[in-house]
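I have placed the structure first, in the form of structure tokens, so that the comments after it can refer back to it.
The values are calculated or read from the model by the stated rules, or taken from the named source; none is laboratory data. Everything numeric in this text was worked out from a predicted model, so none of it was measured. Neighbour counts are summed over all protein chains in view; Cβ atoms, including those assigned to glycine, are modelled from backbone coordinates with ideal geometry.
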Amino acid sequence: MELEEGLLVSATYDGEKKVAVLKFYDPKRDRVWLWYDNTGHKPYCYTKLPLEELEVIRARKDIILPIGNEEKLDLLTDSRITVRKIIATDPLAIGGSSGKSVRDEIKAWEADIKYYENYVYDRSLLVGTYYKIEKGALFPVEKEVPELVARSLGEILSKNTGESTEFIRRWAALLGQPLCSFKRIATDIEVANEEGRMPDPEKADREIIAVSFHSDVESIVYLYSKKGNEPSLENTAAYKSVVFAEESALLRAVFNKMLDYPVLISFNGDDFDLRYLKHRAENLGIKEDEIPIQL
């Protein structure tokens, strides 16, 4: 993968490929590119326990790599100490919720950090800054600090001395990064539901009767009506409405609209809207490869 310039916007983990994944927004093409780690980085944690107390952990040779020693600075005692570094092939082996992960078995450090966050930190990557990708490798793209920021920075630095000046320069460079205009759309769903009962996004047993979208260029609401006639709408002059006689057809249109935009905005989408859409589509027999939502 080659990328001339992209804004690092997020990171995640691919459970099938077992690697960290970085997401770059390409302002020229208005799309998000995925870059899969090719450095061999693995999930890990630390423990102060001696090797002989780690036999249960070491026995899992299918997921735990050989345990080695590493020297660290203990900030509480201001001294160098030797700890054991436990490296695994899968983040769930370190901090999973199965009750059999390393953090469940022993006293460990850095086992609660999400793996992709650990990855970003270890590689000194800065979310919200620009990178280019050449021959599969990442390189930061240096951006000039705006003149006004540079002038203000000069005045601040003239009044500060010592180690704080380097931190000020670093933060100014980060906060002075130019912002691109993300191609984005907001969405919201409405579910037919019984009075006094909250819809369950895991069961998704009630019909989705409306899904609305709004962006800088369009406002549209998809409606489900069993009779195929348009329901009576109030105060929707700004919205174009499209009526579907089948709920599955509405959902397919919703998914196609989502794919037109690299960034989707919602109020409670992670916990409700997107979960409900995905599970409802599955209940209606829509194939997995037609559903662009990963939980």
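A few notes on this one:
- Of everything in segment 111-154 that is among the small types (Gly, Ala, Ser) and part of a helix (DSSP H, G or I), the residue that is surrounded by the fewest Cβ atoms within 10 Å (Cβ to Cβ) is Gly154.
- Matching residues, segment 263-277, being farther than 17 Å from Ala249 by Cβ and in contact (Cβ under 8 Å) with a residue 60 or more places away in the chain: Val263, Leu264, Ile265, Ser266, Phe267, Gly269, Asp271, Phe272, Asp273, Arg275, Tyr276
- Residues located in segment 207-227, provided they are over 16 Å from Ile265 (Cβ atoms), in a loop (DSSP other than H, G, I, E, B) and either of a type in the set (A, V, I, L, M) or modelled with pLDDT under 95 (or both): Ser225, Lys226, Lys227
- Test: residue in segment 90-106 that is more than 24 Å from Asp37 (Cβ to Cβ) and either in contact (Cβ under 8 Å) with a residue 40 or more places away in the chain or aromatic (Phe, Trp, Tyr) (or both): yes
- Filter result for Glu230 (farther than 23 Å from Gly269 by Cα, in contact with a strand residue (DSSP E or B) (Cβ under 9 Å, 6 or more places away or on another chain), in a loop (DSSP other than H, G, I, E, B) and modelled with pLDDT of 85 or more): no
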